[in-house]
Amino acid sequence: MEMWYTEEQTQNVRFSIRCDKQKYSAQSEFQRIEIFSTPEFGDVLVLDDRIMLTTKDSFIYHEMITHVPMATNPGIKNVLVIGAGDGGTVKELTRYKTIENIDMVDIDRMVIDACKEYLPSVASKLSDPRVHVHIDDGLRFVRGVENKYDLIIVDSTDPIGPGEGLFTTEFYGNCFKALNDTGILVNQHESPYYKTYSRAMRQAHRKIVEFFPICKVYQAHIPTYPSGHWLFGFASKKYHPVHDLDEGAWNRLGIDTEYYNTRLHKGCFALPTYVTKQLMEGEYHNN
Ligand code: SAM
């Protein structure tokens, strides 16, 4: 009998992947966690009926959420990662010898444990000695932190369920405070294409521009996310992601990537007109 995983991306759109088998399934205190193996996309992590990653296309998401800020400020040493329990973002960060400390805060220990066991290629660097895993709500963790981090990466679920607090004005304000004078905040910024996702994207942008002098949005093509067109927010106190990019410095590091490169870095901030219009509704600062 054929087995398919089907995600309802909107009320009118479904996305299906043929599966070989379900490798893991459990209900945690926060969410339903499932891992499937599939012939086309490798292993697939699903939380609350939403695809979080596949081992075939996760390199796109993890490289783009990491290397864009790291190439903008190669001096980043102290990083806070919120969410990201699969370990993929941390894995990309550990490729920088210059990073001294990575605090990773995920609300759900069961996601981390499942990924370590069933997605070891993604989670392998969670044991790097520079990585400190905290099991906590990211919203609570950043309250009271001041002037500490060079970079905060928000690699969260969507703004429903446990991830909701990570899309609030309170959270973005606390991230601003938790960053030092040159700090950068990068967040997964949803998609501009389907209505519910674009609403979340516009709301997030509107809240972030209240705090940061430089707010940009960049894009990537991620085949298994709704519409395949995904955005990331780049908010910064000092560095402009394109004007301050030193391409030569990043290329001299010799980091071997599959998606990110410094030409793409400059190009990914050039957004389609309909996306720019949506962001301008949220006071888009096109400086
Ligand atoms: N790349 C993914 C995406 O955009 O679909 C996100 C993947 S990552 C697995 C998301 C993680 O965020 C999950 O492990 C989840 O437990 C964690 N998370 C959700 N809400 C959180 C919160 N309030 N604080 C910390 N972590 C949270």
Inset, instruction - Sort out for me the Cα centre separation of segment 215-287 from segment 121-170, rounded to whole Å. - result: 21 Å
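Can you list which of the DSSP-assigned H helices in the chain have a Cα extent of 24 Å or more along the long axis and an average Kyte-Doolittle score of at least 1.0?
Sorted by number, there is nothing, because no helix extends far enough and scores high enough.
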Legend entry - For the chain: relative contact order, % (alpha-carbon pairs under 8 angstrom, 6 or more apart): 16 percent
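From the square roots a ≥ b ≥ c of the eigenvalues of the alpha-carbon gyration tensor of segment 117-167, which class results: rounded (a/c under 1.5), prolate (a/b over b/c), or oblate?
On the way: a/c = 2.31, a/b = 1.24, b/c = 1.86.
Oblate, since a/c reaches 1.5 and b/c is not below a/b.
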Inset, instruction - Give the peptides 259-272, 203-216 in descending order of average Cβ contacts within 10 Å, highest first. - result: 203-216, 259-272
Inset, instruction - Would you mind telling me the antiparallel percentage of the DSSP bridges in the chain, rounded to 5? - result: 65 percent
Legend entry - Cα gyration tensor shape for segment 103-254, rounded if a/c is under 1.5, else prolate or oblate: rounded
Legend entry - Dipole axis of segment 1-159 (+1 Lys, Arg; -1 Asp, Glu on Cβ), positive-most option in Ile76, Leu45, Asn12: Ile76
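For the chain, with every protein chain kept in place, what is the accessible area per residue (1.4 Å probe, Å²)?
Values: 12380 Å² over 287 residues.
Heavy-atom SASA per residue in the chain reads 43 Å².
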Legend entry - Extreme residue, positive dipole direction of the chain, given options His132, Leu245, Tyr260 (C-beta unit charges): Leu245
Inset, instruction - Please report, in debye to the nearest 20, how large the charge dipole of segment 145-228 is about its Cα centre when each Lys and Arg carries +1 at its beta carbon and each Asp and Glu carries -1 there. - result: 320 debye
Inset, instruction - Name the long-range amide H neighbours of Asp244: under 5 Å, sequence gap of 5 or more, or other chain; modelled H, no Pro or chain starts. - result: none
Inset, instruction - Give the shape of the chain as rounded, prolate or oblate, defined through the alpha-carbon gyration tensor: a ≥ b ≥ c are the square roots of its eigenvalues, a/c under 1.5 means rounded, and otherwise the shape is prolate if a/b is larger than b/c and oblate if not. - result: rounded
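Percent of accessible area on the chain owned by carbon and sulfur, 1.4 Å probe?
So the carbon and sulfur contribution to the accessible surface is 48 percent.
Can you tell me the relative contact order of segment 176-287? Whole percent, Cα pairs under 8 Å, sequence separation 6 or more.
Numbers: 151 pairs, mean separation 36.4, N = 112.
The value is 32 percent.
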Inset, instruction - Leaving ligands, DNA and RNA out of it, work out the accessible area of Tyr118 with a 1.4 Å probe and give it in Å² to the nearest 10. - result: 60 Å²
Legend entry - Over 32 Å (Cα to Cα) - which of Lys23/Lys277; Lys91/Lys148; Lys97/Lys266 fall in this group: Lys23/Lys277
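The values are calculated or read from the model by the stated rules, or taken from the named source; none is laboratory data. Fair warning: this is a prediction, and the values are worked out from it, not measured in the lab. No Cβ is skipped: glycine too gets one built from the backbone with ideal geometry, and neighbour counts run over all protein chains shown. The protein model used for the area step is the full one, side chains on, heavy atoms only, and it has no ligands, DNA or RNA in it. Shrake-Rupley method; radii C 1.70, N 1.55, O 1.52, S 1.80 Å.
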